[in-house]
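The values are calculated or read from the model by the stated rules, or taken from the named source; none is laboratory data. Since the structure is predicted, the reported quantities are computational estimates derived from the model, not experimental observations. As a convention, Cβ positions derive from the backbone with ideal geometry for all residues, glycine included, and neighbour counts pool all protein chains shown.
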Amino acid sequence: MNFCFRLVCLLTASLMATHALSQDLSGWSDKTVCRLASSQQDNPQYLQEAKNRGLNCGSAATKNTSKATTNSTKQKASKSIFLSDKTYKEFLNLPKESKTNSCGFNRYEPNWQVIDKDLAPRIKGYNSKMDNWREVEGQYSREVLSKYLEATTFAMVSEDLELKEKLFNKLHDWASKDALSATMRCYFYNGPKSIAPACEGEWSDPEGQDLAPIKDATVAVETVFALNYVYKLYFSDYQPEDKRHEVIKRWFKSFNHRIKKAKDFYFGNSVGWHFPNISIQHGQNKSYKSLIKNMVRGLNKWTLSDGSMKNRTTRGSRALWYHYNALGEAFIILEIARAANVEIPTTLEKKLLKAVELFQDAYLDHSVIEPWAKKRHNGQASNGHQEFSSNLDTLSFYASWLQIFQLRYPEHRTAKWLNQELTSKSRSLKINPITGVTLGCIHRALVDNSPEGLAKNEANKIKDLSKLSAFNIEGETFNLTLDKVAFIETGAFKLERSAEYFKPYQWHKSKIQGSLKLSSDKKISFSTLVFKQAGDQEQRLVINLDHPTLRSLKRHIDSLQRKCGKGLMEWGWLSFISETNDIKDAKNQQCHYDYFKDANDQPAWELFQTVLGGTDAILGYLQTNVER
C-alpha cells in the first residue's frame with residue numbers, strides 16, 4: 001500500500017514537473033524559481049528565468065545560468081559554420097569588379113541548360129570505386145549541383161539580385177519535389193543500427209566493381225547538405241517572410257536523419273559526418289564546440305608524422321587523390337575551428353605542412369607517393385602511376401583548401417607553387433560540392449584585395465608585363481605579337497566524339513589534315529587531333545602530340561613541364577594561346593616560348609613558333625567547318 005502511494009506521488013510530481021516546462025513561470029515566487037534553478041541545473045528554463053529576474057541563486061546556479069546562456073547564444077556565432085560573419089562581410093564589401101576578377105567570373109554566364117535538368121528523384125547504381133558514373137541513374141545531379149553552386153557564387157560576387165531570385169526559386173522547386181529523397185536510405189541518425197544491412201559490404205570486390213548503394217546514399221545526402229550550407233549563408237535572410245523558406249527548410253530537415261551521428265573521427269563522409277552534425281546543431285542554436293574539438297583531436301591523430309594521412313595516402317592508384325581530399329577536409333576543419341575559436345595544436349599544423357609538401361612532390365612525380373600507395377588500402381595497384389588530373393584548375397572536390405593554404409601560409413613553397421599553377425579559371429574558385437560555400441573565392445578575393453595583396457599584385461604585374469615579349473596589351477587583353485601563319489586544308493577533317501574520351505570543354509574536337517604556311521611561303525605539314533578550349537575569355541588551341549610530325553615538340557614535354565608547370569599541358573596535349581585576359585596564362589605561354597627559344601633544338605623551335613603563329617588560323621578553321 002505504501003509502495004503504491006509513493007509511486008502515485010512520484011508520478012504526480014513528475015507530471016507536474018513536465019507540465020511546468022510548458023507553463024508561464026511569471027507567477028512563480030522568486031524562492032521557488034531559485035530552488036528549482038539550484039536543484040535542477042540541467043534545466044535551462046529555470047536557469048534562464050532566474051537570470052531574467054536578476055536573481056542570485058547561489059554560485060552553482062549562477063555559473064550554470066551563464067553556461068546555459070553561452071551555449072544557447074554564443075555557439076551560433078555566424079550564418080555559416082565555415083567562416084565568421086566578419087569575414088563574410090569583409091568579402092561582400094569588396095568592390096564588385098575586384099571580386100569578379102579574383103574569382104574568375106569575367107564574361108561568365110550561368111549554365112541554365114545544365115541547372116534546368118534539375119536534381120534527380122534518386123541516385124542509384126554506383127560501384128565501390130565510383131568509376132562507373134556514366135551508368136548511374138541520376139548521376140547528372142552532381143553536375144547540376146556544380147553549375148548551381150557556380151551560379152550562386154557568381155550571384156554573390158556580382159551582387160545580381162535578379163539571378164539570386166532565380167536561384168532561390170530553383171532551390172524551392174527542388175524542395176517542392178523532394179529531390180533525391182527516393183535514393184535508398186543507408187544511414188540512420190537514431191536507431192539500433194547506423195547503417196542499413198543492405199548497404200554494408202562495400203569493396204567486397206578488391207577492384208571496387210561491386211555495387212555499393214552506400215555510395216548512392218552518400219552522394220544524395222552530401223548534395224542536399226551542400227545546398228543547405230550555401231542556403232544558410234546566402235539565402236536564409238533573403239525575403240525572410242517568403243513562404244518558400246518553409247518548404248526549403250522542411251526538405252533540408254528531412255535529410256537530417258539520413259546521416260550518422262558523429263562519433264569517431266575518420267576521413268571521408270564529411271569527416272565522419274562531423275560537418276552535417278555541426279550544421280544541424282548550429283541550425284538549432286545548440287552547442288557544437290565539442291564536435292569541433294573532436295575533429296581537431298582526430299585530425300591530429302590521423303595526420304601522421306611522415307606526412308601521410310591515415311587510410312588515405314595508402315589507397316593504391318588513387319592514393320594521390322585521397323591524400324588531396326584528406327588535405328581538403330583538414331584545412332576546412334582548421335577554418336571551422338578558427339571561426340569557433342577552438343585552439344589548433346602547433347604540432348598539427350607542422351604535420352599538415354609536411355603533408356602538403358608530400359602532395360606537391362607526388363603531384364610532380366608520382367613515384368614519390370609509391371611507398372604508401374603500394375599498401376593498397378581499399379585500392380588497386382598503382383604501378384607507379386596515380387589517377388589524378390594533371391591540371392589543378394580542373395579540381396573542385398574539397399579544392400577550396402588550395403586557396404585557403406595560399407592565404408594562411410603565403411610564404412610556404414607550396415603556396416608559391418600553387419600561385420603559379422592555379423589560374424582564374426580554377427573550378428576551386430567557383431565550386432565546392434561538399435561545403436557548398438565556396439571558400440576558395442572568398443579567401444582569394446580577400447587576399448588579393450588586402451593592402452599587402454594589392455601592392456604585391458601591382459608590383460608583380462609590372463614585373464610580369466616587362467617579361468611578356470610575345471604579347472602586347474590592349475586594356476586587360478593580352479594579344480600574341482608573332483607573325484600570323486595561315487592554315488591550308490589538305491584533307492577532310494574527321495570528328496572525334498567517342499564517349500570515353502570526349503569532354504564538354506573540347507569544342508570542335510576533330511582530326512584535321514593540312515599545312516601551315518609562313519609569310520616566306522614555306523609550308524609545314526600539320527595533321528593531328530585538335531580542339532578549341534571551351535570559353536570566350538581566351539583563344540586557346542589544344543593539340544595532341546602523338547602524330548609523328550610533332551615528335552620534335554613531344555620530346556621536350558618532361559623538361560618543359562619542369563620549367564613551366566602543367567598549366568598548358570595534359571596527358572600528351574599541348575595548348576597554344578593567342579589571346580587571353582588571364583595574365584597567368586599569358587605568363588605560362590611566354591614560359592613555353594622562352595623554353596623552346598633557348599632549347600638549342602632548331603626543328604622544335606621552328607615548329608613551336610609556327611603552330612603558335614597559326615593558332616588563330618586553325619581556330620578559325622575549326623569554328624567555320626567543324627561542329628562544336
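Structure values in brief
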quantity	calculated
Where a residue in the range 332-349 is at positive phi and its partner, wherever it lies, is surrounded by fewer than 20 Cβ atoms within 10 Å (Cβ to Cβ), with Cβ under 9 Å and at least six apart	N341/A77; N341/K289
Filtered residue count, the range 483-538, keeping only those that are acidic (D, E) and in contact with a strand residue (DSSP E or B) (Cβ under 9 Å, 6 or more places away or on another chain)	3
Failed condition for F105, given (1) loosely packed, with under 13 Cβ neighbours inside 10 Å; (2) closer than 24 Å to I442 by Cα	(1)
Boolean, E387 is closer than 28 Å to Q533 by Cβ and surrounded by fewer than 20 Cβ atoms within 10 Å (Cβ to Cβ)	yes
Condition check for D585: in the same structural domain as R497 (by TED's automatic domain parsing), surrounded by 20 or more Cβ atoms within 10 Å (Cβ to Cβ), within 27 Å of E476 (Cα to Cα) and acidic (D, E)	yes
From I333, I344, I404, residue being surrounded by fewer than 17 Cβ atoms within 10 Å (Cβ to Cβ), modelled with pLDDT of 95 or more and among the β-branched types (V, I, T)	I344
So E200, is it in contact (Cβ under 8 Å) with a residue 24 or more places away in the chain, over 19 Å from S141 (Cβ atoms) and either charged (D, E, K, R) or surrounded by 13 or more Cβ atoms within 10 Å (Cβ to Cβ) (or both)	no
Where E246 falls short, out of the listed (1) under 27 Å from the mean Cα position of the chain (by Cα); (2) outside any loop (DSSP other than H, G, I, E, B)	(1)
When residues of the range 109-120 are limited to those that are over 19 Å from the mean Cα position of the chain (by Cα) and surrounded by fewer than 20 Cβ atoms within 10 Å (Cβ to Cβ), the one farthest from V144 (Cα to Cα)	E109
Inter-residue pairs, beta-carbon under 6 Å, first under 19 Å from G572 (Cα atoms) and modelled with pLDDT of 85 or more and in the range 377-400, second surrounded by fewer than 22 Cβ atoms within 10 Å (Cβ to Cβ) and of a type in the set (D, E), 6+ apart	G384/E370; S390/E570; N391/E570; L392/E421
Sole exception among (1) surrounded by fewer than 16 Cβ atoms within 10 Å (Cβ to Cβ); (2) under 22 Å from the mean Cα position of the chain (by Cα); (3) closer than 30 Å to A381 by Cβ for E135, by number	(2)
Among residues of the range 569-601, those that are part of a helix (DSSP H, G or I), touching a helix residue (DSSP H, G or I) at 6+ places or on another chain (Cβ under 9 Å) and not hydroxyl-bearing (S, T, Y), counted	12
Residues satisfying the stated conditions in the range 327-367, i.e. in a helix (DSSP H, G or I), under 18 Å from F388 (Cβ atoms) and over 21 Å from the mean Cα position of the chain (by Cα)	D361, L364, H366, S367
Flag if R297 is assigned to a helix (DSSP H, G or I) and among the basic types (K, R)	yes
Some residue of the range 167-174 being over 25 Å from the mean Cα position of the chain (by Cα) and at pLDDT 95 or above	no
Qualifying residue in the range 180-187 (condition: surrounded by 13 or more Cβ atoms within 10 Å (Cβ to Cβ) and over 14 Å from R258 (Cα atoms))	no
Boolean, T423 is out of contact with any strand residue (DSSP E or B) (no Cβ under 8 Å at 6 or more places or on another chain), in contact (Cβ under 8 Å) with a residue 12 or more places away in the chain and in a helix (DSSP H, G or I)	no
Criterion (more than 30 Å from S290 (Cβ to Cβ) and of a type in the set (D, E)) met by exactly one of E343, E387, E349	E387
All strands (runs of 3 or more DSSP E) inside the range 440-553 with 3 or more residues being among the basic types (K, R) and at pLDDT below 90	none
Number of the exception - R122 against (1) closer than 15 Å to K177 by Cβ; (2) free of Cβ contacts under 8 Å to residues at least 60 places away in the same chain; (3) among the basic types (K, R)	(2)
